[in-house]
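What follows is a short report on a single structure.
The values are calculated or read from the model by the stated rules, or taken from the named source; none is laboratory data. Please read these numbers as outputs of a predicted model, since none were measured by experiment. Because the Cβ atoms are built from the backbone with ideal geometry, glycine has one as well, and the counts that use them run over all protein chains shown. Surface accessibility is based on the protein's heavy atoms, side chains included, excluding ligands, DNA and RNA. Shrake-Rupley method; radii C 1.70, N 1.55, O 1.52, S 1.80 Å.
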Amino acid sequence: MMQAGNWMRRVVPALRKTGWAALCSAAIALLPVAALPVQAAQVKRPAKTANAERARVKSNKSSARAASARRRGSIAKGKARHRRVVAVLGRSSGRRGRIARHHAEMRYHSRVAVAAHEDMGTDTAPSKLPLGDQLGLRETADPLKLQASVALVLDQDNNQVLFNKNDQAVLPIASVTKLMTGFLIAQARLPMDEFITITDDDVDYLKHSRSRLPVGTTLPRGEMLHLALMSSENRAAHALARTYPGGLEHFITLMNERAASLGMKDTHYVEPTGLSSDNRSSASDLAKLVAAAVQEPLLRQLTTSPGYEVATGRRILQYNNSNRLVKNPSWDINLQKTGYIHEAGQCLVMETRIAGRQFIMVFLDSLNRVADAERVRRWIEARAQSGAIHLGQAEPEPRQLLPGPVAIASPTLAVED
């Protein structure tokens, strides 16, 4: 507006003196002058845009740095909180105290392993493979080329071992532990309609595994047992042991006593869920447990249930069996239990009917337990057709035994979910 006013002040006097002709000449002469402000504004506009862009980029960088600082602060606070919690829990004598001491022991053995590697002149980290792989058990030759480090197939009708691979090796058994937990609960004949509440004591502070049962959930004992055996629900299994008459410690003692009474000489339990790698057994021992557990109708029913709906407050939760073979119509499974933690690999025990006979199968530290079970079933069916398995006349494979039970050293594996 200021530039337009200057232009008018120059044109009007010329109009008064010389008329329209002079006006036209003056206008033509002043056109470049009038256009200068517009050109200047056009030149300045990109500069303003560039400044705004630089300011926007600078603001984004500042926001990114602030977000990164907040993340670092949150991580540092979390680590400090974890150290404080562990320090407090380490002074307690309950389950949390044992867990805290277990973490400390794991860190200690990890440092010892690193020091040993440094002494040997290597910069490699301690192995994080499952224990069976560390011991080289998977490399044991077997005619079926199974992916398991340990396997056992027992013809239950005549108690003949048809196939075995390292069946005396003692390894972590993961959630196969819950079969003993359910066995004790079923044999105690406790009221299945008695309500049990999930508490903070049932939360997994060892591997921080997830659960769909929040603290405060209340269910009948029968439903807790169903979820523990069918879907391997850890909080349900721990709550069953915690509320057993005599408490958790008494229940763990009973687990070991019952194992000894069944002749499971290489088996040891430290907790009822299988989350700890210190729960150990051999394939031979687990076959004895399966043979005893299959005598309980309740365990047969719950372990082979394909799915179950549970009402928790306003929600209806759908649980499914952790072993997809129970839904396969080509399988006739009477009892089963799966398991997995990093230190144990994939585990599976079951009693199934094949070719008109009852068989117990055990697989520990497998890369694919379902594929191993399918391969064994086809092998049994082929032997039955050829007459090798007929009326109790079984021809066991040559036994590939280890020199003796494999001792488990103090754990040096990383804790996994």
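For this structure, a couple of remarks:
- Once the stretch 349-365 is narrowed to residues that are of a type in the set (A, V, I, L, M) and either open to solvent by 10 Å² or more (accessible area, probe 1.4 Å) or farther than 19 Å from Ala174 by Cα (or both), the residue that is nearest to the chain's Cα centre (by Cα) is Ile354.
- All positions within the stretch 366-417 that are modelled with pLDDT of 75 or more and either closer than 24 Å to Val170 by Cβ or within 21 Å of the chain's Cα centre (by Cα) (or both): Ser366, Leu367, Asn368, Arg369, Val370, Ala371, Asp372, Ala373, Val376
- Scan of the stretch 178-200 for residues that are touching a Lys or Arg at 6+ places or on another chain (Cβ under 9 Å) and polar (S, T, N, Q), ordered by number: Gln187, Thr199
- Filter result (part of a helix (DSSP H, G or I) and open to solvent by less than 70 Å² (accessible area, probe 1.4 Å)) within the stretch 135-146: Leu137, Arg138
- Contact annotation: residue pairs with Cβ atoms under 8 Å, 6 or more positions apart or on different chains, pairing a residue in the stretch 309-334 that is open to solvent by 60 Å² or more (accessible area, probe 1.4 Å) with a partner that is in a loop (DSSP other than H, G, I, E, B), are Gly313/Thr217; Asn320/Ser231; Asn320/Pro306; Lys327/Pro306; Lys327/Asn321.
- Selection count, the stretch 296-319, where residues are over 27 Å from Gln187 (Cβ atoms) and part of a loop (DSSP other than H, G, I, E, B): 2
- Among the residues of the stretch 218-230, not a single one is in a loop (DSSP other than H, G, I, E, B) and over 21 Å from His268 (Cα atoms).
- Selection count where residues are open to solvent by less than 40 Å² (accessible area, probe 1.4 Å) and either closer than 21 Å to Ala186 by Cβ or touching a Ser or Thr at 6+ places or on another chain (Cβ under 6 Å) (or both), scope the stretch 198-223: 8
- Residue list for the stretch 336-373, filter: outside any strand (DSSP E or B) and free of Cβ contacts under 8 Å to residues at least 40 places away in the same chain: Ala355, Gly356
- Qualifying positions in the stretch 167-195 - assigned to a helix (DSSP H, G or I) and either open to solvent by 30 Å² or more (accessible area, probe 1.4 Å) or in contact with a strand residue (DSSP E or B) (Cβ under 6 Å, 6 or more places away or on another chain) (or both): Ala174, Ser175, Val176, Leu179, Gln187, Ala188
- Within the stretch 148-172, residues that are at positive phi have Cβ atoms under 8 Å from residues that are in a strand (DSSP E or B) and not polar (S, T, N, Q) in these pairs: Asn166/Val150; Asn166/Ala151, counting only partners at least 6 apart in sequence or on another chain.
- When Asp278 is tested against (1) open to solvent by 40 Å² or more (accessible area, probe 1.4 Å); (2) farther than 20 Å from Ile316 by Cβ; (3) assigned to a loop (DSSP other than H, G, I, E, B), just one condition goes unmet, and that condition is (1).
- Scanning the stretch 212-233 for residues being under 24 Å from Val349 (Cβ atoms) and of a type outside the set (Gly, Ala, Ser) gives a total of 9.
- Any hit, the stretch 303-312, residues being among the hydrophobic types (A, V, I, L, M, F, W, C) and over 23 Å from the mean Cα position of the chain (by Cα): yes
- One residue stands out in the stretch 281-295 among those that are assigned to a loop (DSSP other than H, G, I, E, B) and open to solvent by less than 20 Å² (accessible area, probe 1.4 Å): the one that is farthest from Arg221 (Cα to Cα), namely Ser282.
- Residue, most open to solvent (accessible area, probe 1.4 Å), within the stretch 224-264, restricted to residues that are closer than 17 Å to Ala293 by Cα and without any contact (Cβ under 8 Å) to a residue 40 or more places away in the chain: Glu257
- Filter result (of a type in the set (A, V, I, L, M, F, W, C) and either assigned to a helix (DSSP H, G or I) or farther than 30 Å from Leu227 by Cα (or both)) within the stretch 147-166: Val161, Leu162, Phe163
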